[in-house]
């Protein structure tokens, strides 16, 4: 789900000339709350169950633990957009609609090396001197600017600085293949083992954010209970196959103490800068935050 407040994401897909790869929907989100279907309106956020669902999905943190300042700032950005909660759906999938065109654009100006991870960065006199890769190769970088765009957990292993968020929250995704084709839609479910149901043709996916309390449930039971909710909500009886994906460190938590640990893009080296949605963008872990961080890291390195 992409919020309308994500003006930099909209700008990016326009610049890449891939805006037509997406369908745009305005305030067409539907919620199943206490057995009743509700259309999203500004007044929906006054419903405690709907507000809880929206917040835990955006911030991937249990509602009672979310810092109130980041809630206020994020919703202020949404309101300031003038279009409220709305979303974009890729016409095919995120890979073909967004990632592949972005990679092609990068490859026009540079090269991308796959299947080798950064093992260590060697520093001399506060300057990144060499990058050591897992395949044994070494790149001298003392005369170049380096932007480290990795998840915070990986960055903390590469850079020996205690400056990164320490708490992370999981997200559980389940993908079902069905015989029936379903109209593209997004359905929110309040107070449930499923937060969202995403439908596209014969693929139905569910997402559960802030899912720490669900990690001890077996995969079989997660699939079983999630399908029961799908079946009841969409009136579909059977599925062909199911695949579950659990991201144990999907995003940083948005607690007050953890947010204090979000670093700036400039972390004190002469030629190394960090980039990612975990940096201090004032937004939670979102595509918009990642884009803003990328822009900030370029500014910092200029």
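Brief remarks on what is shown
- Restricting attention to segment 150-181, the residues that are closer than 13 Å to residue 121 by Cβ and surrounded by fewer than 19 Cβ atoms within 10 Å (Cβ to Cβ) add up to 7.
- So residue 58, is it in contact with a helix residue (DSSP H, G or I) (Cβ under 8 Å, 6 or more places away or on another chain), part of a helix (DSSP H, G or I) and modelled with pLDDT of 85 or more: yes
- Scanning segment 116-130 turns up no residue that is closer than 19 Å to residue 300 by Cβ, in contact with a strand residue (DSSP E or B) (Cβ under 9 Å, 6 or more places away or on another chain) and free of Cβ contacts under 8 Å to residues at least 60 places away in the same chain.
- Of the strands (runs of 3 or more DSSP E) lying entirely inside segment 76-170, those containing at least 2 residues that are under 22 Å from residue 12 (Cβ atoms) span 86-90, 146-148.
- Hey, residue 126 touching a helix residue (DSSP H, G or I) at 6+ places or on another chain (Cβ under 7 Å) and either modelled with pLDDT of 90 or more or within 30 Å of residue 44 (Cα to Cα) (or both) or not: no
- Residues in segment 9-48 that are surrounded by fewer than 16 Cβ atoms within 10 Å (Cβ to Cβ), under 19 Å from the mean Cα position of the chain (by Cα) and either under 19 Å from residue 190 (Cα atoms) or modelled with pLDDT of 75 or more (or both): 11 alone.
- Looking only at residues in segment 130-140 that are within 30 Å of the chain's Cα centre (by Cα) and surrounded by 13 or more Cβ atoms within 10 Å (Cβ to Cβ), the one that is farthest from residue 160 (Cα to Cα) is 133.
- Residue 226 farther than 30 Å from residue 294 by Cβ and crowded, with 18+ Cβ neighbours inside 10 Å: yes
- Residue identified as touching a residue at least 12 places away in the same chain (Cβ under 8 Å) and part of a strand (DSSP E or B) among 38, 53: 38
- Only one of the numbered conditions (1) closer than 29 Å to residue 284 by Cα; (2) free of Cβ contacts under 8 Å to residues at least 40 places away in the same chain; (3) touching a strand residue (DSSP E or B) at 6+ places or on another chain (Cβ under 7 Å) is not met by residue 133, and that is (1).
- Test: residue in segment 257-278 that is within 23 Å of residue 40 (Cβ to Cβ) and in a loop (DSSP other than H, G, I, E, B): no
- Out of 102, 76, 88, sole residue that is buried (at least 18 other Cβ atoms within 10 Å of the Cβ) and at pLDDT below 90: 88
- Segment 259-289, subset without any contact (Cβ under 8 Å) to a residue 24 or more places away in the chain and surrounded by fewer than 20 Cβ atoms within 10 Å (Cβ to Cβ), residue nearest to residue 12 (Cα to Cα): 280
- Counted residues, segment 188-204 - those being surrounded by 19 or more Cβ atoms within 10 Å (Cβ to Cβ), in a strand (DSSP E or B) and under 18 Å from the mean Cα position of the chain (by Cα): 3
- Annotation note: of 209, 218, 233, 301, the sole residue that is more than 19 Å from the chain's Cα centre (by Cα), more than 30 Å from residue 145 (Cα to Cα) and surrounded by 16 or more Cβ atoms within 10 Å (Cβ to Cβ) is 233.
Rundown of residues vs (1) assigned to a loop (DSSP other than H, G, I, E, B); (2) more than 14 Å from residue 193 (Cα to Cα); (3) in contact with a helix residue (DSSP H, G or I) (Cβ under 9 Å, 6 or more places away or on another chain), yes/no style:
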position: 223; (1), (2), (3): no, no, no
position: 227; (1), (2), (3): no, no, no
position: 233; (1), (2), (3): no, no, no
position: 237; (1), (2), (3): yes, yes, yes
position: 245; (1), (2), (3): no, yes, no
position: 254; (1), (2), (3): yes, yes, yes
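The values are calculated or read from the model by the stated rules, or taken from the named source; none is laboratory data. Here the structure is a predicted model, which means the values were calculated and not measured. Cβ coordinates were reconstructed from backbone atoms using ideal geometry, including for glycine residues, and neighbour counts include every protein chain displayed.
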